[in-house]
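Down below is the structure, laid out as structure tokens.
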Amino acid sequence: LNWEKRVITSARPRSHHHLSVLVTGAAGFVGSHVAAALKRRGDGVVGLDNFNNYYDPSLKRARQKNLEREGVFVVEGDINDAVLLNKLFDIVAFTHVVHLAAQAGVRYAMQNPGSYVHSNIAGLVSVFEACKLANPQPSIVWASSSSVYGLNSKVPFSEKDKTDSPASLYAATKKAGEEIAHTILHSSTGLRFFTVYGPWGRPDMAYFFFTKHILKGKPISIFEGPNHGSVARDFTFIDDIVKGCLGAIDTAQKSTGSGGKKKGVAQLRVFNLGNTSPVPVGKLVSILERLLKVKAKRNVPRNGDVLFTHANISYAQKELRYEPVTDLQTGLKKFVNWYLDYYSVNGKMKKKNSS
Ligand code: NAD
């Protein structure tokens, strides 16, 4: 089959009650889980990802392989490729676009500021413009971030709070995305994810590299706030985030005023998707030590970035029926089980997973 036929087959929903969804960043952590969940409930799904090497691309290829086993085709391409996007909208009448492709991570911006502008600003504009031009119009759900709240925000963070002090280039590009949505789209749903973790997660995130380092017997650095105040994160399990995404998809309006109940009324929604239960990073490490049955070697604590994240989720509870149910202990157990199945103790992918 040529790729266009594969796209058409992959996009086909089980019935006319189901959706046809384009998921950008589908080889990524969140994207691969969302794409699989949509497919399993009967929606047609096509992925798009450029398989960049921000972290180990073989993990992205393994997620792609899993998706292909479920019947989801992932197109290899960049979200800045307007010709490719327009072609996809020409051959499939997507009902929804879930835009998750982005340059994630905060520290990578030191060496690669351009990649944040390329993917999170230019790429986001490219996706939104293509959605606007598409006929029929898809509804758009996309990933913003809890990082928009910045250093000076009071916890718990509410969507009504000011977001005028982003603490990193990453946060600034996510904030810019929220502003840009207003200028291009009539309607869209932005989701502010709070530190998502779980199986098939991102190797650059703390819970993942702590696990790797603890197993290898390498020392880890736990960041602390000024005067040894604790740094705590509202760790949110991937399955809960997926449910939040599905809720957002199922309540989203079309990207122009031509559809939906409130004809002509702009509906640019932004929701916190968190766990409402911040856990200090030191406690995360203790849970990992218990699950891995290995004591971590700890470096002397250093001062780190955003001190505390904590979501107020009442808006998402009301509008999306979002209800996170996984505590950190339970979610980490699932992550550790996956990790030990996928990697050896030395951090190398097991042979059985590379075929
Ligand atoms: P991820 O890096 O695993 O996934 C992003 C995917 O997008 C990757 O597979 C990457 O190859 C792809 N991509 C990046 N730039 C692209 C481009 N220009 N064209 C095509 N593909 C491109 O990250 P994730 O953790 O799955 O995050 C998904 C989304 O959620 C991102 O927008 C991220 O900013 C946001 N987010 C994640 C978290 C979290 O804790 N994981 C928290 C807040 C927000």
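For region 147-198, filtering for residues that are at pLDDT 95 or above, more than 30 Å from ALA134 (Cβ to Cβ) and in contact with a Lys or Arg (Cβ under 6 Å, 6 or more places away or on another chain) leaves 1. Only one of the listed residues (SER165, SER146, SER139, SER126) is hydroxyl-bearing (Ser, Thr, Tyr) and surrounded by fewer than 17 Cβ atoms within 10 Å (Cβ to Cβ). That residue is SER165. The set of residues from region 332-355 being among the hydrophobic types (A, V, I, L, M, F, W, C) and surrounded by 14 or more Cβ atoms within 10 Å (Cβ to Cβ) comprises LEU332, PHE335, VAL336, TRP338, LEU340, MET349. Taking first residues from region 73-84 that are buried (at least 20 other Cβ atoms within 10 Å of the Cβ) and partners that are hydroxyl-bearing (Ser, Thr, Tyr), the Cβ contacts under 6 Å between residues at least 6 apart in sequence or on separate chains come to PHE73/SER10; ILE79/THR24; ILE79/SER126.
Taken over region 71-87, residues that are under 13 Å from LYS5 (Cα atoms) and more than 22 Å from the chain's Cα centre (by Cα) amount to 1.
The C-beta contact set for region 53-68 (first residue without any contact (Cβ under 8 Å) to a residue 12 or more places away in the chain, second residue hydrophobic (A, V, I, L, M, F, W, C), distance under 8 angstrom, 6+ apart or interchain) comprises PRO57/PHE51; GLU68/VAL74.
Per-residue answers, yes or no, for (1) surrounded by fewer than 23 Cβ atoms within 10 Å (Cβ to Cβ); (2) under 20 Å from CYS245 (Cα atoms); (3) touching a helix residue (DSSP H, G or I) at 6+ places or on another chain (Cβ under 6 Å):
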| site | (1), (2), (3) |
| --- | --- |
| PRO13 | yes, yes, no |
| HIS16 | yes, no, no |
| VAL23 | no, yes, yes |
| VAL34 | no, yes, yes |
| LEU38 | no, yes, no |
| ASN53 | yes, no, no |
| ASP56 | yes, no, no |
| ARG61 | yes, no, no |
| GLN64 | yes, yes, no |
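Among the residues of region 183-204, those that are surrounded by 18 or more Cβ atoms within 10 Å (Cβ to Cβ), within 16 Å of the ligand (Cβ to nearest atom) and assigned to a loop (DSSP other than H, G, I, E, B) comprise PHE194, THR195, GLY198, PRO199, TRP200, GLY201, ARG202.
Here the helices (runs of 4 or more DSSP H) wholly within region 279-355 that include at least 3 residues being farther than 30 Å from LYS162 by Cβ are 281-292, 328-342, 351-354.
Here GLN267, GLN253 are screened, and the one residue that is more than 16 Å from the ligand (Cβ to nearest atom), of a type outside the set (Ser, Thr, Tyr), farther than 23 Å from TRP338 by Cα and modelled with pLDDT of 85 or more is GLN267. Applying the selection to region 90-137, what residues are assigned to a loop (DSSP other than H, G, I, E, B), over 30 Å from HIS16 (Cβ atoms) and at pLDDT 95 or above? If the condition is that a residue be assigned to a loop (DSSP other than H, G, I, E, B), over 30 Å from HIS16 (Cβ atoms) and at pLDDT 95 or above, then ALA102, GLN103, ALA104, ASN112 are the ones that fit. So if I check each of ALA167, ALA130, ALA143, which one is touching a strand residue (DSSP E or B) at 6+ places or on another chain (Cβ under 9 Å) and in contact (Cβ under 8 Å) with a residue 60 or more places away in the chain? Only one candidate qualifies: ALA143.
Hey, can you tell me all the residues within region 93-150 that are polar (S, T, N, Q) and either under 19 Å from the mean Cα position of the chain (by Cα) or within 14 Å of the ligand (Cβ to nearest atom) (or both)?
First pass over region 93-150, keeping only residues polar (S, T, N, Q): 95, 103, 111-112, 115, 119-120, 126, 135, 137, 139, 144-147.
Answer for region 93-150, where residues must be polar (S, T, N, Q) and either under 19 Å from the mean Cα position of the chain (by Cα) or within 14 Å of the ligand (Cβ to nearest atom) (or both): GLN103, ASN112, SER115, SER119, ASN120, SER126, SER139, SER144, SER145, SER146, SER147.
The values are calculated or read from the model by the stated rules, or taken from the named source; none is laboratory data. Values in this document were obtained by computation on a predicted structure and should not be read as measured data. A quick note on method: Cβ atoms are made from the backbone with ideal geometry, for glycine too, and the neighbour counts reach across all protein chains shown.
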